[in-house]
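What follows is a single structure, written as structure tokens, with notes after it.
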């Protein structure tokens, strides 16, 4: 692609910490948020890394994000903890809470940390993977801005409310890693189709009457996504049900609230050794993975993959070659730097 | 419908306990399994109630099900417990484990009971609802016989691996209750289409080359279901990922094993009061439900529903009018009674 800037991870990290510390975040907090965002870009989830920076600046400008906030423990009931994000950028309380859940799982076999009063925390999968890297099974959920239209409805009423799950395999660099929106597609895919001038398949977005919207320009404008399944006949009541489950665990259980820009998270961490010997667990997991990879492929040369494979491959490639950034994004980052009074160092 | 027998719940319960005690199950265990199966039929999930009896007898005949087995606690790590089903009918260890998870959640705020060495446990939602009736949030998962073909594959490699979730509302008779297969449809829907001689929509089943199978007779025969989403473009990698998550938690974490007729379960119970005051939680949940019900419907008179609504309505109707049984099912139950030497009392 022409004009695509390719940025080494270290430089992107430095750019982000420069902005965040200018906003008033501590060096530690800036480093946590930047690390999560850069690793997200390294795995190819471009919609949830540095691409979110303009949105975070908007939250800051509207006083919804407090750069100086430090998350606190609001309730501590042994293995169950409630963290108050105190309006920090979501990555900071999410990282804090997930680390607590991991520690609780070490102690009690399981740990849950729910987070209230937070903001957008980036990619759900990053936190599940953090648990897997600690040898644990991790689940990470968050509610989000309303985009999902419930079955039989016409108005967005829930977020794309992702579900992420990770489990540690013997190969520490390759945990099983599922990270999925509970809509058929995340909003980013609608934007990509709009930019490419392509129509949407029915099942991705809806019009204001609840019918399929295949015009990508209109869908990007009206922002009504169909639940996973797409239509009732194809199981969209299931995507809606999963999104509602995530909403209850992240918004209702935590007290974050179920409205636009009210954000909570839910982290569940399991220590496999509470249930089985680690060697047995990992041997069986590796067997399961091998059995799935051994499934006769529909297309020769296109084998069955394990959730996390594409991200793993992209990570290796981008760590070597750098992270591609479209010119519009580079300009958006430049604008954030200007508004913040932070140095722009990407070019 | 002609020839449909309508059976009062009490009679169905008596029929089932008669069969189960003849098999050698204790009165207590027979009562637990019968109660779960009858309540499943009352809620309209006909595929998972008495309709499973012939399958359970097959398991008994093949020595895969031990009617005299009593579940035992294999590991007890505070809030995390592993239960050994000892090859009992699945309902018995599942009920035992879920009750432990509820008790652990009372004590620790959260409880997890995983079950190994079990059998088919009926409808996943029954156990989640049991937690909600105790004032808790419940999650119930089970692995199952291989029917799901992974994305890019051709062979069934995972079960329909359901996810059930329930949360208590102020109206105790109406918890939020999601109970969904991670395939687009459960196998039962393919059977219904076959009996009706109707084609399947693409996205439900696959042929032996991994392409959509729309012939319902062939699909019922070859038993290859598509993951929720149906196709890659419509997000079937998500259904596959969810099924794999359930498999890891139920088969791998428990040691039940990931093969045909190796069955494990996973129960997670959360006490909302570990995170918030109960009144606040339930007020917010009722607000969320009201907001969803208030969504402008696409079709006037067909409002947005909450997961669990259809089952609730069917429960009330069938408790009043009885449970409809197709003649073929009645004959199958008669055959089970004959083989078991149990009295047939339905007609």
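In this structure, does residue B:188 turn out to be more than 10 Å from chain A (Cβ to nearest Cβ) and either in a loop (DSSP other than H, G, I, E, B) or crowded, with 23+ Cβ neighbours inside 10 Å (or both)? No.
One line per residue, one yes/no per condition, for (1) under 20 Å from the mean Cα position of the chain (by Cα); (2) closer than 17 Å to residue A:234 by Cα:
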| residue | (1), (2) |
| --- | --- |
| B:195 | no, no |
| B:200 | no, yes |
| B:208 | no, no |
| B:214 | no, yes |
| B:222 | no, no |
| B:228 | yes, yes |
| B:231 | no, yes |
| B:236 | no, yes |
| B:243 | yes, yes |
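Give the residue that is surrounded by the fewest Cβ atoms within 10 Å (Cβ to Cβ), with candidates limited to residues of the stretch A:273-320 that are touching a residue at least 40 places away in the same chain (Cβ under 8 Å) and facing chain B (nearest Cβ under 7 Å). Among residues in the stretch A:273-320 that are touching a residue at least 40 places away in the same chain (Cβ under 8 Å) and facing chain B (nearest Cβ under 7 Å), the one surrounded by the fewest Cβ atoms within 10 Å (Cβ to Cβ) is A:274.
Could you tell me which of the residues A:306, A:345, A:289 is modelled with pLDDT of 95 or more and in a helix (DSSP H, G or I)?
On the way: A:306 fails: in a helix (DSSP H, G or I); A:345 fails: in a helix (DSSP H, G or I).
Checking each option against the conditions leaves just A:289.
Do you know which of the residues in the stretch B:83-94 that are surrounded by 23 or more Cβ atoms within 10 Å (Cβ to Cβ) and touching a helix residue (DSSP H, G or I) at 6+ places or on another chain (Cβ under 8 Å) is nearest to the other protein chains (Cβ to nearest Cβ)? Restricting to residues being surrounded by 23 or more Cβ atoms within 10 Å (Cβ to Cβ) and touching a helix residue (DSSP H, G or I) at 6+ places or on another chain (Cβ under 8 Å), the top hit is B:83.
In this structure, residue B:73 does satisfy being assigned by TED's automatic domain parsing to the domain that holds residue B:135 and at pLDDT 95 or above. For the stretch B:114-129, indicate whether the set of residues that are modelled with pLDDT under 95 and assigned to a strand (DSSP E or B) is non-empty. Within the stretch B:114-129, not a single residue is modelled with pLDDT under 95 and assigned to a strand (DSSP E or B). Filtered by the rule that a residue be surrounded by 24 or more Cβ atoms within 10 Å (Cβ to Cβ), more than 10 Å from every other protein chain (Cβ to nearest Cβ) and assigned to a loop (DSSP other than H, G, I, E, B), the stretch A:147-161 gives A:159, A:160, A:161. Among the residues of the stretch B:261-272, the ones that are crowded, with 19+ Cβ neighbours inside 10 Å and either part of a loop (DSSP other than H, G, I, E, B) or more than 9 Å from every other protein chain (Cβ to nearest Cβ) (or both) come to 8 in all.
Looking only at the stretch A:227-244, which residues are outside any loop (DSSP other than H, G, I, E, B), within 7 Å of chain B (Cβ to nearest Cβ) and touching a residue at least 24 places away in the same chain (Cβ under 8 Å)?
A:244
In the stretch A:162-173, the residue that is nearest to the chain's Cα centre (by Cα) out of those that are under 13 Å from residue A:306 (Cβ atoms) and facing chain B (nearest Cβ under 10 Å) is A:165.
For residue A:247, indicate whether it is within 30 Å of residue B:128 (Cα to Cα), surrounded by fewer than 24 Cβ atoms within 10 Å (Cβ to Cβ) and either within 7 Å of chain B (Cβ to nearest Cβ) or in contact with a helix residue (DSSP H, G or I) (Cβ under 6 Å, 6 or more places away or on another chain) (or both). Spell out how you get there, then give the answer.
Details: within 30 Å of residue B:128 (Cα to Cα): yes; surrounded by fewer than 24 Cβ atoms within 10 Å (Cβ to Cβ): no; either within 7 Å of chain B (Cβ to nearest Cβ) or in contact with a helix residue (DSSP H, G or I) (Cβ under 6 Å, 6 or more places away or on another chain) (or both): yes.
For residue A:247, the condition - within 30 Å of residue B:128 (Cα to Cα), surrounded by fewer than 24 Cβ atoms within 10 Å (Cβ to Cβ) and either within 7 Å of chain B (Cβ to nearest Cβ) or in contact with a helix residue (DSSP H, G or I) (Cβ under 6 Å, 6 or more places away or on another chain) (or both) - is not met.
The values are calculated or read from the model by the stated rules, or taken from the named source; none is laboratory data. These figures come from a predicted structure and were not determined experimentally. Neighbour counts run over all protein chains shown; Cβ positions are idealised from the backbone, glycine included.
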